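Worksheet: one structure, shown below.
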Amino acid sequence: MRRHFEEQIEECNARLVHMGAVAERMIEKSIQCLLERTAEGHEEVFQHEGEINNLHIEIDERVISALALQHPVATDLRLLVMATKIAGELERVGDQAVNICQNTASLLKHPPAEVLTNIPEMADVVRGMLRESLEAFVRRDVELAQKVLDTDDQADDFKDQIFFQLLGNMMTEPPTIPRALALILVSRNLERVADHATNIAEEVIYAVQGRDVRHHHEETRQSEGP
Amino acid sequence: MSTSAGVLGSRKTSAEAKIQVRKLEAWYGSFQALKSIDLDIPSRAITSMIGPSGCGKSTLLRCFNRMNDGIRGFRVAGEIRLDGGDILGRGVELTQLRKRVGMVFQRPNPFPLSVFENVAYGRRVHGENSSRLADIVEKSLRATGLWDDLKDRLGENALALSAEQQQRLCISRLLAVEPEVLLMDEPCSALDPIATARIEELMQELKRNYTILIVTHNMQQASRASDYCGFMWLGELVEFAETPVIFTKPRNPRTEGYVTGRFG
């Protein structure tokens with residue numbers, strides 16, 4: 001029975017790895033379209049959305065079935081709960097890729113900005129976070145997961161910088177407002193992807209070590225004492 | 001049960017210990033069954049002991065009311081304190097100890113007497129006069145949820161009851177002598193799932209007034225019914241913690257291996 005259960009967990013894991021690859025591909029493609037000012041890859045992103053939604057449902061069903069039938073505990077339980085939560089995060093990463101495509105489509109109606117703000121740099125950071133969070137999940141690598149958490153502030157800073165940069169542009173050049181708003185939305189989409197990567201990294205740490213690092217939970221508990 | 005989210009670890013420091021075990025060792029002849037056990041059993045809570053066959057959990061349980069004393073070659077060293085008082089000393093009156101620390105066994109073992117006499121038995125042994133016995137029997141049967149079913153069958157032979165009723169009756173028989181600690185050695189292994197659920201429900205009721213210690217092979221029973229859980233392995237207490245900790249993030253790899261079914 002134990003081997004059968006381990007196979008079930010492995011299968012669930014394999015589907016999650018596949019889902020991660022699809023989500024990563026969607027983000028790569030949507031950012032590429034944004035930076036190259038093209039809508040040519042959008043169709044591919046939209047097609048992947050259906051696939052990622054199906055994977056989300058499939059993984060949840062597998063986890064619920066394992067919880068009901070195998071009564072997992074300890075690491076097994078944490079891995080399965082992690083799987084369903086990461087699947088939820090990846091599904092939302094897919095949504096953000098679709099949103100980036102839609103905001104890029106709005107941008108394409110306007111002439112390119114002379115300076116595209118820090119969005120390319122932010123996109124690099126966010127792509128890296130997503131890639132590393134998935135790698136941390138595959139390798140059960142707590143150190144790499146921690147690195148993702150440490151990078152989240154960079155993504156937040158980029159979002160703020162971009163907002164103030166574009167706010168200045170909008171005030172001095174009102175005709176750029178529609179374009180600036182689309183770019184602000186894109187920076188928001190990217191920041192959300194960074195948040196999802198952070199959540200994935202937190203789940204990895206919990207699954208591997210049983211430590212709950214969300215919302216500075218550990219620090220709060222330690223300062224409260226026994 | 002202390003299973004609510006976010007409170008793992010919160011009860012450990014607040015619970016006062018009913019039984020304190022220090023450096024407890026036990027032998028059957030040359031075989032060492034318990035190795036340097038240190039343990040605080042919290043008052044008015046359910047503590048479960050899990051572990052593979054032969055790990056020493058039943059031996060430990062039976063130390064708390066000195067049930068091993070009659071076994072040839074059995075020796076014990078170390079300390080067990082009940083409310084601070086030593087229970088291993090030579091001067092301990094065993095009848096009094098077993099009145100305070102009662103035991104429920106794997107198979108229900110009612111006496112071949114009437115329902116009434118089964119429950120009244122312990123009090124009679126302790127010299128109770130008969131005028132109060134009816135009240136004591138009723139109270140004890142009510143505490144285990146048997147009164148409504150059996151109040152008109154008090155004269156029937158207890159052996160005619162169902163297995164679940166017999167086990168409840170045995171618990172009533174214990175409660176009649178007003179114990180403080182209930183030891184339960186696989187109390188549901190002879191019962192079907194419905195009866196098991198009812199006995200577990202009864203344990204939740206009883207823990208308001210009694211300290212309960214249960215030995216079980218059924219890990220799901222330990223996880224759903226106990227507040228604290230100890231994992232034993234080859235005579236050692238490997239890990240003791242609040243039950244949610246043992247089943248979500250055990251600290252010791254041997255506990256992890258056992259509860260997930262990887263070994264044991």
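The values are calculated or read from the model by the stated rules, or taken from the named source; none is laboratory data. These numbers come from a predicted model, not from an experiment. Note: ideal-geometry Cβ built from the backbone for every residue, glycine included; neighbour counts use all protein chains shown. The accessibility values were calculated without ligands, DNA or RNA, using every heavy atom of the protein model including side chains. Shrake-Rupley method; radii C 1.70, N 1.55, O 1.52, S 1.80 Å.
Brief remarks follow.
- For the condition more than 14 Å from chain B (Cβ to nearest Cβ), open to solvent by less than 10 Å² (accessible area, probe 1.4 Å), in a helix (DSSP H, G or I) and over 18 Å from residue B:260 (Cβ atoms), residue A:16 qualifies.
- Test: residue in the stretch B:203-214 that is more than 17 Å from residue B:44 (Cβ to Cβ) and either open to solvent by less than 20 Å² (accessible area, probe 1.4 Å) or more than 14 Å from every other protein chain (Cβ to nearest Cβ) (or both): no
- Against the test of being touching a residue at least 12 places away in the same chain (Cβ under 8 Å), open to solvent by 60 Å² or more (accessible area, probe 1.4 Å) and farther than 25 Å from residue B:136 by Cβ, the options B:100, B:81, B:90 yield a single qualifying residue, B:81.
- Residue list for the stretch A:68-94, restricted to those being within 14 Å of another protein chain (Cβ to nearest Cβ), in contact (Cβ under 8 Å) with a residue 12 or more places away in the chain and of a type in the set (A, V, I, L, M): A:79, A:80, A:81, A:82
- Residues located in the stretch B:215-232, provided they are touching a strand residue (DSSP E or B) at 6+ places or on another chain (Cβ under 9 Å) and open to solvent by 10 Å² or more (accessible area, probe 1.4 Å): B:217, B:218, B:219, B:223
- Residue match in the stretch A:30-46 (condition: open to solvent by less than 70 Å² (accessible area, probe 1.4 Å), within 14 Å of chain B (Cβ to nearest Cβ), closer than 21 Å to residue A:132 by Cα and part of a helix (DSSP H, G or I)): no
- Search result, residues across the stretch A:176-217 that are open to solvent by 10 Å² or more (accessible area, probe 1.4 Å) and either hydrophobic (A, V, I, L, M, F, W, C) or in contact with a strand residue (DSSP E or B) (Cβ under 7 Å, 6 or more places away or on another chain) (or both): A:177, A:181, A:184, A:185, A:208, A:213
- Restricting the stretch B:125-143 to residues that are within 10 Å of residue B:172 (Cα to Cα) and not aliphatic (A, V, I, L, M) leaves a set whose member that is least open to solvent (accessible area, probe 1.4 Å) is B:140.
- Scanning the stretch A:53-67 for residues that are within 14 Å of another protein chain (Cβ to nearest Cβ) and open to solvent by 30 Å² or more (accessible area, probe 1.4 Å) gives a single hit, A:67.
- Residues that are in a loop (DSSP other than H, G, I, E, B) and facing chain A (nearest Cβ under 9 Å) were ranked within the stretch B:237-264; the one that is most open to solvent (accessible area, probe 1.4 Å) is B:251.
- Residue list for the stretch B:179-197, restricted to those being buried (at least 17 other Cβ atoms within 10 Å of the Cβ) and outside any strand (DSSP E or B): B:179, B:180, B:186, B:187, B:188, B:191, B:195, B:196
- The requirement of being open to solvent by less than 10 Å² (accessible area, probe 1.4 Å) and within 14 Å of chain B (Cβ to nearest Cβ) is not satisfied by residue A:97.
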